[in-house]
Amino acid sequence: MHPFRTAARAELDRIHAQGRYRTFTPLRKQADRFPLYAMERDGVVQQVTVWSSNDYLGMGVHPAVVRAATASLQEMGAGAGGTRNIAGTNHLHDALEAELASLHQKQAALLFTSGYVANQAALTTMLKCLPDWHVFSDAKNHASMIAGIKGARATVHVFAHNDLHDLEARLKAAPPDAPKLIAFESVYSMDADIAPISAICDLAERYGAMTYLDEVHAVGLYGPTGGGVAERDGQLHRIDLIEGTLAKGFGCHGGYIAGDAELIDWLRSTASGFIFTTSLPPATVAAALASVRHVRADNARRAKLFERAQRLKNKLDMVQLPRLPSSSHIVPVHVGEAALCREVSRRLLHEFNIYATPINYPTVPVGHERLRLTPTPLHTDRMMDTLVEALRAVLPAGLSVAA
């Protein structure tokens, strides 16, 4: 057997032994019944309430979004037919980039095939352009940001999560004249907390650093028009580059970078993750454009999301279920052991027709395993009550709230 096959098999054995082996549950999203999905079990189709979707606002099933996608599909077909430079750009791509730039109050934006690719391509490209970059990365940054940073030659400083004192100490210790970049997120999706954006921008200005903000779990949800936490906090003008996604709050697919026109033009001309890949299909872009335009004006939908999230937190707290602290719309429930977390998730699905994804290492540290619940504006009180009773039935008694 080839050494690679031996190593791969040994690693899979370790993953199984640690209770971290990932299985995928086939679920059929129902546009007219979201957040109810259809699942076939033993030849019978059952309705499952999904509590772990990243379609935070339910925009993926909004009639205006579906109509836009359908019309574009009928007019232009399924695929873009090439890279952005080779017949893969149409008026919808240009319109969506202009809309996203406006959303973030920036001069320009650039579409990528996913949020992961946007982060990886933008960060790697930026950090390769100068030989002596120093990048300051939050310890809980997403894997795509880490991949982008590691793909370059920069000197990397990982600061403690949301720790301004640690960040400043590292900035102060770096060479004063070296180019610096602070890379961080707004909403951290596993811990459900929010970065102190204004204070980080203060440090960036004090030490001459650029700022790179990942808003993927915030765009569409926060701010007067859904521009993210930076818009909510009045800090958009202080962020050099914003990375976002169309696959969460906007319910579609794709990622993007927004910033000054010159920076975006430079990325458009140099980022291989943009240049050498087929562009987003017209139907996907049409759907995203319709979604962004709708969400920007739909404050009631945002308000409903946060009301639903707070209602779920209250219901969990009333019966003392082990909810982790959350300052965002995400509601994590602590379990604390990988095999147990998978078993809790399995029982919720098979005994109560409730889908809640188990979050295990390496997404979270060992011992911090959890269920990550994401209530949407379309989750009802009755659905919440059913979830709470199911969690009381499947979680071990006495499970600590503190992770």
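The values are calculated or read from the model by the stated rules, or taken from the named source; none is laboratory data. Not measured: the values here are computed from a predicted model. Here the Cβ positions follow ideal geometry from the backbone for every residue, glycine too, while neighbour counts run over all protein chains shown. Please note that ligands, DNA and RNA were not included when accessible areas were found on the heavy atoms of the full protein model with its side chains. Shrake-Rupley method; radii C 1.70, N 1.55, O 1.52, S 1.80 Å.
Do we have any residue at all in region 111-124 that's farther than 18 Å from ASP265 by Cα and not in a helix (DSSP H, G or I)? Yes: one or more hits.
Among residues of region 345-368 that are basic (Lys, Arg), none has a Cβ under 7 angstrom from a residue that is open to solvent by 40 Å² or more (accessible area, probe 1.4 Å) and not in a loop (DSSP other than H, G, I, E, B) at a sequence gap of 6+ or on a separate chain. Taking region 133-155 as the range and being crowded, with 16+ Cβ neighbours inside 10 Å and more than 16 Å from GLU185 (Cβ to Cβ) as the test, the residues that pass are TRP133, HIS134, GLY151, ALA152, ALA154. Filtering region 317-374 to residues that are of a type in the set (Gly, Ala, Ser) and either open to solvent by less than 10 Å² (accessible area, probe 1.4 Å) or over 24 Å from GLU307 (Cα atoms) (or both) leaves SER328, GLY336, ALA338, ALA339, SER345, ALA356, GLY367. Among the residues of region 376-394, the ones that are under 17 Å from VAL333 (Cβ atoms) and assigned to a helix (DSSP H, G or I) come to 12 in all. Looking across region 28-85, the residues that are out of contact with any helix residue (DSSP H, G or I) (no Cβ under 6 Å at 6 or more places or on another chain), part of a helix (DSSP H, G or I), surrounded by fewer than 21 Cβ atoms within 10 Å (Cβ to Cβ) and not hydroxyl-bearing (Ser, Thr, Tyr) come down to VAL61, PRO63, VAL66, ARG67, ALA71, GLN74, GLU75. Counting residues in region 238-250 that are of a type in the set (Val, Ile, Thr) and either over 20 Å from the mean Cα position of the chain (by Cα) or more than 17 Å from ALA108 (Cα to Cα) (or both) gives zero.
One residue stands out among those in region 299-316 that are surrounded by 18 or more Cβ atoms within 10 Å (Cβ to Cβ) and hydrophobic (A, V, I, L, M, F, W, C): the one that is farthest from the chain's Cα centre (by Cα), which is LEU316. Regarding THR380, is this residue among the polar types (S, T, N, Q), open to solvent by less than 10 Å² (accessible area, probe 1.4 Å) and more than 23 Å from SER144 (Cβ to Cβ)? Judged against the criteria, THR380 is not a match. Put simply, of GLY227, GLY234, GLY251 the only residue that is more than 19 Å from LEU96 (Cα to Cα), modelled with pLDDT of 95 or more and assigned to a loop (DSSP other than H, G, I, E, B) is GLY234. Check off (1) in contact (Cβ under 8 Å) with a residue 40 or more places away in the chain; (2) outside any strand (DSSP E or B) for VAL333 and give me the number that stays unchecked. Single failed check for VAL333: (2).
Screening region 175-202 for residues that are surrounded by fewer than 20 Cβ atoms within 10 Å (Cβ to Cβ) and among the hydrophobic types (A, V, I, L, M, F, W, C) and picking the one that is farthest from the chain's Cα centre (by Cα) gives ALA178.
Residue-wise test of (1) polar (S, T, N, Q); (2) out of contact with any Gly (no Cβ under 7 Å at 6 or more places or on another chain); (3) on the phi < 0 side of the Ramachandran plot; (4) touching a residue at least 24 places away in the same chain (Cβ under 8 Å).
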{"position": "ASP42", "(1), (2), (3), (4)": "no, yes, no, no"}
{"position": "ALA64", "(1), (2), (3), (4)": "no, yes, yes, yes"}
{"position": "HIS104", "(1), (2), (3), (4)": "no, no, yes, yes"}
{"position": "MET126", "(1), (2), (3), (4)": "no, yes, yes, yes"}
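Against the list (1) closer than 29 Å to ARG301 by Cβ; (2) of a type in the set (D, E, K, R); (3) open to solvent by 60 Å² or more (accessible area, probe 1.4 Å), the condition ARG22 fails is (1). Of all residues in region 272-284, those that are within 10 Å of ALA80 (Cα to Cα) have Cβ atoms under 7 Å from Cβ atoms of residues that are open to solvent by less than 20 Å² (accessible area, probe 1.4 Å) and polar (S, T, N, Q), 6 or more apart or on another chain, in PRO282/SER72; ALA283/SER72. Apart from one condition, GLN235 fits all of (1) open to solvent by 10 Å² or more (accessible area, probe 1.4 Å); (2) touching a residue at least 40 places away in the same chain (Cβ under 8 Å); the exception is (2). Screening LEU130, LEU164 for residues that are at negative phi, open to solvent by 30 Å² or more (accessible area, probe 1.4 Å) and in contact (Cβ under 8 Å) with a residue 40 or more places away in the chain leaves exactly one candidate, LEU130. Selection of first residues in region 314-329 that are touching a residue at least 24 places away in the same chain (Cβ under 8 Å) and of second residues that are among the basic types (Lys, Arg) and open to solvent by 50 Å² or more (accessible area, probe 1.4 Å), restricted to Cβ pairs under 9 Å at least 6 apart or on distinct chains, gives the following pairs, ordered by first then second residue: VAL319/ARG392; LEU321/ARG392.
ARG296 meets the stated requirement of being open to solvent by 40 Å² or more (accessible area, probe 1.4 Å), more than 26 Å from THR124 (Cβ to Cβ), modelled with pLDDT of 95 or more and not in a loop (DSSP other than H, G, I, E, B).
Return yes or no: is ALA290 more than 21 Å from the chain's Cα centre (by Cα) and under 19 Å from SER102 (Cα atoms)? Considered against the rule, which asks whether it is more than 21 Å from the chain's Cα centre (by Cα) and under 19 Å from SER102 (Cα atoms), ALA290 comes out as no.
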